[in-house]
Amino acid sequence: MGAAEQTKPKYRVFTYKTHTSWTEGQSGTLSAEGKPVLKITSPPEFRGEPGMWTPEDMFVGAVEVCHMATFLAFASKKRIPIVSYRSHANGVLEFVDGDYRFTRIVIFPTIVVGATTSETDVHATLRDAQRHCLVTNSIASIVEVNPTLIME
């Protein structure tokens, strides 16, 4: 084994398991061990029940949550004092090449940081989070982040 092969870090592999069960119509449940069961359905525009979680909601939410978690982890490492973080996200679902697909997800975080924090550091951390978010790296959609930064 060469020196370069000996210094390569070994990364762990993780497996996440979920379970779905059909209940009626376009609806069912989503579960995972040790977590609350979610009632799920197709979006109302695809004959699902209104007021329930859909795969589309969870897809956009997964991108948004992953970005937040990645940003907060990086900010913590850099000791950026986060006072608060809120966001909302919009996912654009379009008919492309014969199928519906998410073409774009835009995340709008509002981040409040301590007054002595460097705005440049926060924006660099946001870019790092966008680049390293594992969910974003696993999808074909374009993901944009349009932050509002408040210095407190």
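Couplings 3J(HN,Hα) for the stretch 72-87, derived from phi with the Karplus relation 6.51 cos²θ - 1.76 cosθ + 1.60 (θ = phi - 60°), are 5, 5, 5, 4, 5, 4, 8, 6, 7, x, 8, 8, 7, 9, 9, 8 Hz, where x marks Gly and Pro. Ordering PRO44, PHE95, TRP22 by Cα displacement along the dipole of the chain toward the positive end leaves TRP22 in first place; charges were set at the Cβ atoms of Lys, Arg (+1) and Asp, Glu (-1).
Karplus-based coupling profile of the stretch 30-47, in residue order and whole Hz: 10, 9, 8, 4, x, 10, x, 6, 9, 7, 10, 7, 6, x, x, 5, 10, 6, with θ = phi - 60° in 6.51 cos²θ - 1.76 cosθ + 1.60 and x standing for Gly or Pro. Under 13 Å from the Cβ of ILE105, count the other residues' Cβ atoms, weight Lys and Arg +1, Asp and Glu -1, and hand me the total. Spelling it out: positives minus negatives among the neighbours equals -3. The angle between the Cα long axis of helix 119-132 and the longest principal axis of the Cα atoms of the chain comes to about 50 degrees, rounded to the nearest 10.
Largest mean-square fluctuation among TYR11, TYR85, TYR100, in a Gaussian network model of the chain whose springs join Cα atoms under 10 Å apart, belongs to TYR11. Note on GLU144 and THR23: with the Förster distance fixed at 30 Å, the Cβ-Cβ geometry gives a FRET efficiency of about 0.25.
Net charge of the neighbourhood of ALA124, taken over other residues with C-beta under 15 Å away and scored Lys/Arg +1, Asp/Glu -1, is +2. Among the listed values [x] 1.15; [y] 1.09; [z] 1.29, the one computed from these coordinates for Cα Rg over 2.2 N^0.38 Å is [z]. Mean residue ellipticity at 222 nm, helices only, the chain: -9000 deg cm²/dmol; runs of at least 4 DSSP H residues each add -39,500 (n - 2.57), and the sum is divided by the number of residues.
Stretched out straight at 0.36 nm per residue, the stretch from ASP121 to GLU49 would grow longer than its current Cα-Cα span by 21.5 nm. Backbone amide hydrogens, once placed in the peptide plane, bring VAL143 within less than 5 Å of ILE105, excluding anything fewer than 5 places away on its chain.
Along the stretch 138-144 the Karplus relation, 6.51 cos²θ - 1.76 cosθ + 1.60 evaluated at θ = phi - 60°, assigns HN-Hα couplings of 9, 10, 8, 5, 6, 10, 10 Hz to successive residues, with x for each Gly and Pro. Net charge of the neighbourhood of ILE40, taken over other residues with C-beta under 13 Å away and scored Lys/Arg +1, Asp/Glu -1, is -3.
Using the Cβ-Cβ distance between TYR85 and ASP57 with R0 set to 25 Å, the FRET efficiency works out to roughly 0.80. What you get for the chain, charging only the Cβ of Lys and Arg (+1) and of Asp and Glu (-1), is a dipole of about 700 debye around the Cα centre.
Computed from the coordinates by the stated procedures, all read-outs in this text should not be read as laboratory data. Values in this document were obtained by computation on a predicted structure and should not be read as measured data. Note that we place each Cβ from the backbone using ideal geometry, even for glycine, and neighbour counts take in every protein chain shown.
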